[in-house]
Amino acid sequence: MLDNIEVIQWLHTSDIMQLGSLWKRADQVRKENVGDEVHFRGLLEISNHCCRNCSYCGISALRHDIFRYRMSMEEILECVKQAKKFNYGTIVMQAGEDYGLTQDFIANIICHIKQETSLAVTLSLGERPYADLLAWKRAGADRYLLRFETSDTELYKMIHPALPTTGLKRDRFVILRELKELGYEVGSGVMIGIPGQSYESLAQDIQIFAKLDLDMIGVGPYLPDPKTPLGKQFSLKKQDVIAMQDTNIDLSQQTQVPNSELMTYKVIALARLMCPDANIPSTTALATLNKTQGRELGLMRGANVVMPNITPTRYRVHYTIYPNKACLADNAEACHQCMLKRIELVNRKVGQKQGGRRKLV
Ligand code: SAH
């Protein structure tokens, strides 16, 4: 375990020798605690409808210029078959916060998947009501992903406006606790380099991963989309110190975390040291920054999971949460083959089971 001062020091380090020792330590802790298997989670982006106004996201309700889709039950089950064929351990169904995906619709799909396959089911459908989370658990869902994005409450409020109906009472931390109590394996995480994110707050995020005893930790760089409100602010000159809207958040270079590839590796490595037995993916956002080697370097610096995209190509081009997303023009087969090659390159094994969290006890 590292204390807060050590975490902040690591976040500031650019010394190559020191970083080499961090990568080595993270890789060792990964090997000792979760082994050499890399677990494959087939990522299916089932809808890009969304009722939220998140200022960072390219499919938020603020975007009136994008094509919206919602996959049918038959289309989803067809993709599930493919995940089974590829021998994946898990299917992840992700979407915008879309109430057109009703409680019953999702529960039915989960029942079907559970009857027909031995896949673990992970959901990532936003801040749904407790009754939905309960129904889906009862239908057989295993895991839920909900990133808290940043633990800086001021910054979070600004980039992720609350719904008028629920207000601030049921925030993402409350939901993460509910999920845990319901028996889900719980995944969360943050974006790295959000405008206004300080080193202190990122260090706090990493401490919170451990405090929440997360089963899965997903982190990736914030990738600005100039068509979103936050992306527009980001494109203002870096040296500008911007007093953002009504807050006194400071964007000067000393306190602003960069949304860089290096910073992402550091956070992956530190998350591994803080949460030795968690499942940590090498994410698509990271692969977007370094399409040649990002996935591999993530796996060599603490990660043990990949999430090949199995969304039909005709839909995935519309699930543009950020620009230039890796694998956008590929199909499921291409993503599968590409991922297999990358695992071989880093001398690791493909996980053969569901790959749930292996507790230390
Ligand atoms: N509606 C779901 C799924 C959102 S997409 C939810 O809100 O949980 C999954 C993750 O993509 C988000 O949690 C966020 O961390 C990440 N993301 C969204 N926009 C991004 C951007 N511009 N750059 C990098 N990551 C982004």
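The values are calculated or read from the model by the stated rules, or taken from the named source; none is laboratory data. Owing to the predicted nature of the structure, the values given are computational and were not obtained by experimental measurement. Cβ sites come from the backbone with ideal geometry, for glycine too, and all protein chains shown count toward neighbours.
Overview of results
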quantity	calculated
Ala303 being of a type outside the set (Ser, Thr, Tyr), part of a loop (DSSP other than H, G, I, E, B), in contact with a strand residue (DSSP E or B) (Cβ under 7 Å, 6 or more places away or on another chain) and modelled with pLDDT of 95 or more	yes
Residue among Ile206, Ile217 that is buried (at least 24 other Cβ atoms within 10 Å of the Cβ), closer than 20 Å to Met1 by Cα and away from the ligand (no atom under 14 Å from the Cβ)	Ile206
Helices (runs of 4 or more DSSP H) wholly inside segment 61-149 containing at least 1 residues that are within 24 Å of Gly218 (Cβ to Cβ) and acidic (Asp, Glu)	130-139
Residues within segment 314-361 that are closer than 23 Å to Glu37 by Cβ, within 16 Å of the ligand (Cβ to nearest atom) and of a type in the set (A, V, I, L, M), tallied	1
Residue satisfying all of: in segment 180-229; under 18 Å from Pro258 (Cα atoms) and of a type in the set (S, T, N, Q); farthest from the chain's Cα centre (by Cα) among these	Ser198
Segment 150-165 - residue that is in contact (Cβ under 8 Å) with a residue 24 or more places away in the chain and outside any loop (DSSP other than H, G, I, E, B) and, of those, farthest from Ile109 (Cα to Cα)	Glu154
Residue match in segment 40-52 (condition: surrounded by 15 or more Cβ atoms within 10 Å (Cβ to Cβ), under 21 Å from the mean Cα position of the chain (by Cα) and over 30 Å from Thr228 (Cα atoms))	yes
Test set (1) within 12 Å of the ligand (Cβ to nearest atom); (2) in a helix (DSSP H, G or I); (3) more than 23 Å from Ala303 (Cα to Cα) - Pro195 fails condition number	(2)
Some residue of segment 70-77 being touching a His at 6+ places or on another chain (Cβ under 8 Å) and over 27 Å from Gly355 (Cβ atoms)	yes
Top-ranked residue of segment 149-202 - restricted to ones that are polar (S, T, N, Q) and surrounded by fewer than 17 Cβ atoms within 10 Å (Cβ to Cβ), ranked as farthest from Leu286 (Cα to Cα)	Thr165
Pair list, Cβ under 8 Å, 6 or more apart: segment 170-189 residue basic (Lys, Arg), other residue within 12 Å of the ligand (Cβ to nearest atom)	Arg170/Glu127; Arg172/Glu127; Arg172/Leu146; Arg172/Arg147; Arg172/Phe148; Arg172/Glu149; Arg172/Ser188
Checking Thr117 against (1) out of contact with any helix residue (DSSP H, G or I) (no Cβ under 6 Å at 6 or more places or on another chain); (2) away from the ligand (no atom under 14 Å from the Cβ), the condition it does not meet	(1)
Top-ranked residue of segment 63-106 - restricted to ones that are among the small types (Gly, Ala, Ser) and surrounded by 18 or more Cβ atoms within 10 Å (Cβ to Cβ), ranked as farthest from Val305 (Cα to Cα)	Gly96
Positions within segment 1-30 being over 22 Å from the mean Cα position of the chain (by Cα) and basic (Lys, Arg), in sequence order	Lys24, Arg25
Scope segment 66-89; condition out of contact with any helix residue (DSSP H, G or I) (no Cβ under 6 Å at 6 or more places or on another chain) and within 16 Å of the ligand (Cβ to nearest atom); matching residues	Ile66, Arg68, Arg70, Met71
